[in-house]
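The values are calculated or read from the model by the stated rules, or taken from the named source; none is laboratory data. Here the structure is a predicted model, which is why all the values come from computation and not from measurement. Here the Cβ positions follow ideal geometry from the backbone for every residue, glycine too, while neighbour counts run over all protein chains shown. Just the protein is used for accessible areas: all its heavy atoms, side chains included, with ligands, DNA and RNA removed. Shrake-Rupley method; radii C 1.70, N 1.55, O 1.52, S 1.80 Å.
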Amino acid sequence: MTATLTRTEIDDTALARLESEGRLLNPLLKGLTGKPGRVGFRGELALRFAPKLADEARPPELMCPQAMAIANVGEKTIPFFAGYLLSFEYLKDVAEVLGEGLTAGGKYFLFCDNIDLSKKYQVPYKGAMFYVLPILESTVYNEILDLLYLEKNDLKKKDTAGKLDAVANAALKYDVTFDNITYDEGLALMGPVRNPNENRPV
């Protein structure tokens with residue numbers, strides 16, 4: 001069983017601001033993991049909020065779905081983050097939202113819907129290095145297991161926190177290098193943005 005997260009514990013991590021701003025949404029996990037002093041999150045990260053109309057709570061205008069992150073109690077940075085982006089362009093939004101939580105030594109993985117399926121990039125932005133990878137009709141969880149050579153069957157018996165610990169531990173050791181491009185070069189290379197609502201039943 002994962003220990004229940006207390007307000008004090010998340011307050012003392014780099015996730016505190018994101019939590020107070022209401023950005024950590026629809027969590028599969030938002031709590032202590034199996035590693036002492038580590039708080040984990042799996043869910044959706046709100047990137048842009050819609051303007052509020054009176055007291056009406058409106059859904060965010062832009063999300064980073066399938067997000068996963070860890071933060072350590074007493075530390076000001078987020079050492080590991082991964083998520084899905086409909087467009088490479090939104091890397092800028094992720095970097096701005098994570099803000100001072102980014103660190104040069106962190107491992108940040110963004111699986112983008114509109115980059116060449118045969119390409120993988122490293123993109124420096126706001127003092128951090130982002131791994132930008134295609135998503136091959138799968139989920140961020142499956143993609144990152146493949147990337148980190150983790151066997152899904154080996155993780156099946158673990159709870160959500162245990163799975164996140166295994167992914168984060170492997171990600172923190174990841175040191176493969178890809179083509180290094182700037183954010184502006186990525187904007188020029190990216191393909192059209194797919195409408196996520198097309199082909200869905202009305």
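Table for the structure above
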item	result
Number of the condition not met by Leu98 [criteria: (1) in contact (Cβ under 8 Å) with a residue 12 or more places away in the chain; (2) over 18 Å from Pro196 (Cβ atoms); (3) open to solvent by 10 Å² or more (accessible area, probe 1.4 Å)]	(3)
Per-region count, segment 104-148, residues assigned to a loop (DSSP other than H, G, I, E, B) and open to solvent by 40 Å² or more (accessible area, probe 1.4 Å)	14
Verdict on Pro36 being under 29 Å from Leu187 (Cβ atoms) and open to solvent by 40 Å² or more (accessible area, probe 1.4 Å)	no
Pairs with Cβ under 9 Å, 6+ apart, first in segment 114-127 and without any contact (Cβ under 8 Å) to a residue 40 or more places away in the chain, second part of a loop (DSSP other than H, G, I, E, B)	Leu117/Ile135; Leu117/Leu136; Lys126/Leu102; Gly127/Leu102; Gly127/Thr103; Gly127/Ala104
Residue list for segment 43-76, filter: under 18 Å from Asp165 (Cα atoms), open to solvent by 40 Å² or more (accessible area, probe 1.4 Å) and in contact with a helix residue (DSSP H, G or I) (Cβ under 7 Å, 6 or more places away or on another chain)	Gln66, Val73
Number of positions in segment 17-37 that are touching a Leu at 6+ places or on another chain (Cβ under 7 Å) and closer than 19 Å to Asn169 by Cα	5
Conditions (1) open to solvent by 50 Å² or more (accessible area, probe 1.4 Å); (2) under 22 Å from Leu172 (Cα atoms): number failed by Gly83	(1)
Among (1) in a helix (DSSP H, G or I); (2) open to solvent by less than 30 Å² (accessible area, probe 1.4 Å); (3) not basic (Lys, Arg) - the single one Leu187 does not satisfy	(2)
Test for Phe49: is it under 20 Å from Leu15 (Cα atoms), in contact (Cβ under 8 Å) with a residue 60 or more places away in the chain and of a type outside the set (Asp, Glu)	no
